[in-house]
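Visitor: I am attaching a structure below and will ask some questions about it afterwards.
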Amino acid sequence: MVHFTATVQLRGPNPFVAVPTTAVAELLPLAEHGRIRVTGTLRGTEFNATVMPVSGPDGTSCIFPAA
């Protein structure tokens, strides 16, 4: 299980988190067809989602589906 803390940000209309390099190395092998199933806590509420890893100028981010 991979644990990290990140701040949800917006890039255009897409919410995303910047993923630490160490977490990326553990998460990418778990990707199914480019998507990663995750569980987490957002503002005190647990959630399950499938996220899309995206490489960018700031490293790898995970794009979250709109809530």
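Visitor: With each label point set 7 Å from Cα along the Cα-Cβ vector, what nm distance links Leu10 and Glu46?
Guide: 2.9 nm
Visitor: Pulled fully out, how much extra length does the chain show between Thr22 and Arg37, if you take 0.36 nm times their separation in residues and subtract their Cα-Cα distance?
Guide: 3.6 nm
No value in this document is a laboratory result; all are computed from the given coordinates. What you are looking at is a predicted structure, and each value in this text was computed from that prediction instead of being measured. Every residue, glycine as well, gets a Cβ built from its backbone with ideal geometry; the counts of neighbours run over all protein chains shown.
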